[in-house]
Amino acid sequence: MAGERTIVVTGCSSGIGAHCARALKADGWRVFATVRKTDDLTGLEADGIEALLMDYARIETISELVDTVLKRSDGRIDALFNNGAYGQPGAVEDLSTAALRAQFEANFFGWHELTRQVIPAMRKHGQGRIVQCSSILGVVPYRYRGAYTASKFALEGLSITLRMELHGSGIHVSLIEPGPIATRFTANALAKIKENIDVENSPHAANYIRQLARLDGSGPVNRHKLGPEAVYSVLKHALNSKNPRPHYPVTTPAKQGMFLKRLLPADLFYRLMRWTD
């Protein structure tokens, strides 16, 4: 890929997306960074990043984004980093269908729509990189994260299928599977559990109290949590390597989870995960 390469990065208001957008800009990419709120545009624009509004749950904003990027870049999109997402905590039996559907709109269907819309431009130029910021919970299940886990399991399956179908096209698909990363993700999850879960009347109330303590910062700190720069280090490989990997686990818990899932019998592995906090 000669010259300045163009990349679309979603979910750039904070955390992984904000860090990666700025790091990519510093590494010579032309970055189109998306946010959902107008107030989040200013900080990115001040750093020379072309910031645009897009909401995965609103398909018209996806089409507007792609049209704008293609016009500004003379029809070229070299890479896409799908990143914007949120986690809806809650026991499966406490999740309304509406809450589950909203999780999939933001974490799965919107990603699919954006990906489909950028592939024609990549095919036209015979090259491209699609990198999905999945999660270790797309590989390993976790209690009280059923909605998020389901959306990421779906993303894993769809993305690897896409990777196989695009073989030989010059377009490569990779998945990044972070474990605990220091972002606003937990704060957003706290808001969602309060919004959609009847904690007091749930048979899981005692467990929710423990989960809420973790989310609001009053519980124990995860000593394995890394900064978003850990994600950027593998994103660079996925974007620049001649042979990018299908999977990039990030953090010790993510790597351990993948290893144990391959190593242990299924029943033993799921029993182990049942008691993991």
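The values are calculated or read from the model by the stated rules, or taken from the named source; none is laboratory data. What you see is a predicted model; the values in this text were computed from it and never measured. Backbone-built Cβ (ideal geometry, glycine too); neighbour counts: all protein chains shown. These area figures cover heavy atoms from the full protein model, side chains too; ligands, DNA and RNA do not enter into them. Shrake-Rupley method; radii C 1.70, N 1.55, O 1.52, S 1.80 Å.
Summing charges over neighbours of Ala99, with a neighbour being any other residue whose Cβ is under 14 Å away from its Cβ, gives -1 when K and R count +1 and D and E count -1. Per residue, the average separation of C-alpha pairs within less than 8 Å and at least 6 apart gives the chain a relative contact order of 18 percent.
Each part reduced to its alpha carbon centroid, the range 255-277 and the range 65-84 end up 39 Å apart. Rounded to the nearest 500, the 222 nm mean residue ellipticity of the chain from helices alone is -15000 deg cm²/dmol, with -39,500 (n - 2.57) taken per DSSP H run of at least 4 residues. Taking the Cα atoms only, what angle lies between the long axis of helix 59-72 and the longest principal axis of the chain, rounded to 10 degrees? Once rounded, the angle reads 30 degrees.
Shape class of the range 1-68 from the alpha-carbon gyration tensor: oblate, with a/c at 1.5 or above and b/c at least as large as a/b. Shown for the range 1-97: the carbon plus sulfur share of the solvent-accessible area, taken with all protein chains present and a 1.4 angstrom probe, equals 45%.
Computed from Cα positions, the angle between helix 110-125 and the longest principal axis of the chain comes to roughly 30 degrees. When only alpha carbons are used to place a centre, the range 147-178 and the range 40-61 end up 24 Å from one another.
Per residue, the range 32-133 exposes an accessible area of 45 Å² to a 1.4 Å probe, with every protein chain left in place. For the range 120-277, with all protein chains in place and a probe radius of 1.4 Å, 57% of the accessible heavy-atom surface sits on carbon or sulfur. Pairs with C-alpha atoms separated by more than 31 Å, drawn from the list Lys25/Lys261; Lys225/Lys261; Lys25/Lys255; Lys124/Lys225; Lys124/Lys242; Lys152/Lys194, are Lys25/Lys261; Lys124/Lys225. With contacts taken as Cα pairs under 8 Å and at least 6 residues apart, the range 1-90 reaches a relative contact order of 34 percent. Assign one of three labels to the chain, namely rounded, prolate or oblate, based on the Cα gyration tensor with a ≥ b ≥ c the square roots of its eigenvalues; rounded applies when a/c is under 1.5, prolate when it is not and a/b is larger than b/c, and oblate otherwise. In terms of gyration-tensor shape, prolate.
The alpha carbons of the range 106-205 give a radius of gyration and a Dmax of 16.7, 56 Å, in that order.
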